[in-house]
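These notes are about the structure you will find just below.
Read-outs: derived from the displayed coordinates by stated rules, not from any lab. Model, not experiment: these values are computed from the prediction. FYI the Cβ positions are ideal-geometry reconstructions off the backbone, even for glycines, and counts take in every protein chain you see.
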């Protein structure tokens, strides 16, 4: 780098619910387009995700920002799947966007693993199963 070149710092991605929803919808499109043949999107898939997301939001996020968000969502999905396990009689609280269960159920789960506390109160996004997160 020459002396008159200033490194450009990438803007931190802000993943509000709306941006996450847009990203997931674009990811679903890429899954349906067969640009996620196994556990990862292809280069074309990631390029399409970036292009479509940035066009829809007027943002300029880069591959690494999408990949980091994807990895974060994948971990949340795995945690959610582990939390539900084989339990029956649970519902979905559409207003809170989380599992509808009794306080006793939540307390028992949180005692097993404190990480479940996060899921008791944070918003989860629909359509995870469509994305084949494993």
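Between residue 57 and residue 113, how high is the FRET efficiency from 1/(1 + (r/R0)^6) when r is the Cβ-Cβ distance and R₀ = 35 Å? Nearest 0.05.
0.50
The ratio of the alpha-carbon radius of gyration of segment 17-131 to the globular-protein estimate 2.2 N^0.38 Å is 1.19. Extension gain, residue 103 to residue 32, is 21.7 nm, computed as 0.36 nm per intervening residue step minus the present C-alpha separation.
Please state the shape class of segment 24-87: rounded when a/c is under 1.5, otherwise prolate if a/b exceeds b/c and oblate if not, all from the C-alpha gyration tensor. It is prolate, given that a/c is not under 1.5 and a/b is the larger ratio. Approximating the spin labels as points 7 Å out from Cα along Cα→Cβ, the residue 74-to-residue 13 distance works out to 1.2 nm.
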